[in-house]
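Report on the structure given below.
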Amino acid sequence: MTTIGLAGAGTIGSGLIRLLGTTPATRDWKIKTILVRDLSKVRIGLPALAKMTNRMEDLTDDPEIDVVVELLGGVEEAFQVVSRALKAGKAVVTANKNLLAERGPELFALAARHRVALGFEASVCGGIPVIRLIQEALRADHITSLEGIVNGTTNYLLTRMSEERASYADCLADAQRLGFAEPDPDYDVSGKDAVCKAGILATLAFGGYVDFRKVPTSGIDSLELEDIRQAEAMGYRIKLLASARRSPEGRFDAEVGPVLLPLGHPLASIRMEYNAVLIESDGLVKTLASGKGAGAAPTSISLLSDLLDIAEGRARVPQLDHPFLGKPFDQGARGTAPSRYYLRLSVPDRSGILAQVAGLFACHDISIASVLQPEVPDEAGGSLVPLILTTHTTTRARLDLVLASLASEGWGRSVVLRIQEN
Ligand code: NAP
Ligand code: HSE
């Protein structure tokens with residue numbers, strides 16, 4: 001029999017309770033105590049015999065509880081619960097990517113020292129067993145790069161904006177209602193959720209701690225339907241991509257941001273809340289893992305698979321050579337890889353502006369491939385109008401110099417997307 005202390009009974013906690021209730025293998029398991037913030041909230045579907053508490057010690061210090069499942073979200077309180085449970089010799093299962101990306105080295109060190117399992121399959125890509133794939137199956141290969149759609153909310157938004165021309169705000173509200181979005185959806189749309197997941201996957205794939213805070217990150221919060229329309233007219237689809245690569249010389253590069261992908265790219269056809277990760281390795285060359293990446297049901301499957309491993313004594317206890325305890329990577333400044341770019345600038349609606357912008361690009365030796373200034377009806381026009389450009393191959397570092405000059409003109413925000421050719 002497994003006795004669980006459940007920290008959090010929100011979207012994912014309730015989903016796990018539902019799944020446990022319908023899984024024959026867990027019939028004799030017991031959720032003994034449930035930690036929540038607000039004891040006065042009316043809740044339905046919770047196990048009748050579970051004790052509700054707002055004191056974490058009721059989980060971490062209870063000798064009858066074997067496993068603590070952390071589904072609080074956030075970092076500080078979650079760290080307190082998880083670290084205290086590990087120190088008490090309890091196995092832990094978590095879906096919290098922010099926690100692991102930020103405090104993973106401390107937590108895996110604690111798990112190794114106290115010889116207890118720390119399951120985290122649910123922290124990346126919802127129901128896709130991508131952590132098992134990297135940690136178990138691909139252990140026998142040498143991974144050179146990862147590229148993935150690892151956030152379901154943003155992929156759901158981008159798909160619906162593209163296919164239905166639905167508004168960003170409506171799609172985000174639906175993603176929240178469907179349980180895909182984080183408690184604070186800014187984490188999704190700003191790229192923060194994706195970069196935490198990228199940090200976890202890259203750490204596991206390359207064997208040393210990757211600090212997500214040093215990974216250049218942008219989100220989809222400044223994208224407009226116009227960008228989606230333009231990308232499609234050029235034969236691309238916009239996806240929020242997380243990528244990480246290690247060169248044979250040991251150089252490490254990672255990036256998270258919206259990218260224009262050619263329609264034939266394997267990640268371009270991943271729709272709605274589905275996620276996918278494309279792994280390149282010496283032996284298998286390309287491996288694609290795809291499936292539902294967000295929502296209570298798929299995430300609960302991953303949580304339950306970790307719990308079953310623990311209950312059946314098959315869970316791996318982290319050792320001192322765990323990737324999170326490996327030497328941190330030297331994460332240099334970005335900007336040296338050659339690429340083409342798409343830009344939507346907001347420029348003043350006056351004569352000579354096109355020449356001025358073109359001059360700035362020429363100044364930094366960036367060749368412009370195409371220019372479009374969609375006509376804005378007089379009554380809709382303000383002092384700034386959109387100017388859409390694509391470049392020939394350049395580097396991000398060089399483009400940043402142009403963007404800095406544009407910003408110093410005080411011309412409002414610009415949208416910059418990398419164009420990926422294959
Ligand atoms: P949620 O709906 O906001 O639920 C959070 C739960 O934790 C609530 O029951 C809340 O209590 C409780 N809680 C939060 N802070 C607490 C504190 N300081 N003390 C005591 N209780 C506290 O969040 P969620 O969407 O279920 O997400 C949970 C975790 O799963 C997050 O780490 C998230 O990133 C991760 N995750 C989500 C998905 C997804 O598809 N949504 C997928 C994978 C992973 P009250 O009920 O009293 O407010
Ligand atoms: N908010 C996250 C997403 C949940 O949309 O991908 C899954 O981690």
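Selection of the stretch 236-250 for residues being modelled with pLDDT of 95 or more and open to solvent by 30 Å² or more (accessible area, probe 1.4 Å) yields only R237. Checked against (1) loosely packed, with under 12 Cβ neighbours inside 10 Å; (2) within 21 Å of V256 (Cβ to Cβ); (3) among the aliphatic types (A, V, I, L, M), V415 passes all but condition (1).
The listed residues are T22, T60, T26, T94, and the only one of them that is polar (S, T, N, Q) and within 16 Å of ligand 2 (Cβ to nearest atom) turns out to be T94. Which of the residues that make up the stretch 204-235 are open to solvent by 20 Å² or more (accessible area, probe 1.4 Å) and within 20 Å of P374 (Cα to Cα)? Within the stretch 204-235, S222, E224, L225, E226, R229, Q230, E232, A233, M234, G235 meet the criteria. Taken as a whole, the condition of being assigned to a strand (DSSP E or B), touching a helix residue (DSSP H, G or I) at 6+ places or on another chain (Cβ under 8 Å) and open to solvent by 40 Å² or more (accessible area, probe 1.4 Å) does not apply to R271. Pairs linking a residue in the stretch 389-400 that is surrounded by fewer than 14 Cβ atoms within 10 Å (Cβ to Cβ) to a residue that is among the hydrophobic types (A, V, I, L, M, F, W, C), with Cβ atoms under 7 Å and 6 or more positions apart or on different chains, are H392/A369. Considering R160, R139, R177, the condition of being among the charged types (D, E, K, R), within 25 Å of H265 (Cβ to Cβ), surrounded by fewer than 24 Cβ atoms within 10 Å (Cβ to Cβ) and in the same structural domain as S222 (by TED's automatic domain parsing) is satisfied by R160 alone. Taken together, the criteria exclude D66 from residues that are within 13 Å of ligand 1 (Cβ to nearest atom), in contact with a Ser or Thr (Cβ under 6 Å, 6 or more places away or on another chain) and not small (G, A, S). Helices (runs of 4 or more DSSP H) fully within the stretch 63-151 that include at least 1 residues being among the hydroxyl-bearing types (S, T, Y): 76-87.
The values are calculated or read from the model by the stated rules, or taken from the named source; none is laboratory data. Predicted model only: the values in this text are computed from it and were never measured. In this analysis, Cβ positions are derived from the backbone assuming ideal geometry, glycine residues included, and neighbour counts consider all displayed protein chains. Heavy atoms of the whole protein, side chains included, go into the accessibility calculation; ligands, DNA and RNA do not. Shrake-Rupley method; radii C 1.70, N 1.55, O 1.52, S 1.80 Å.
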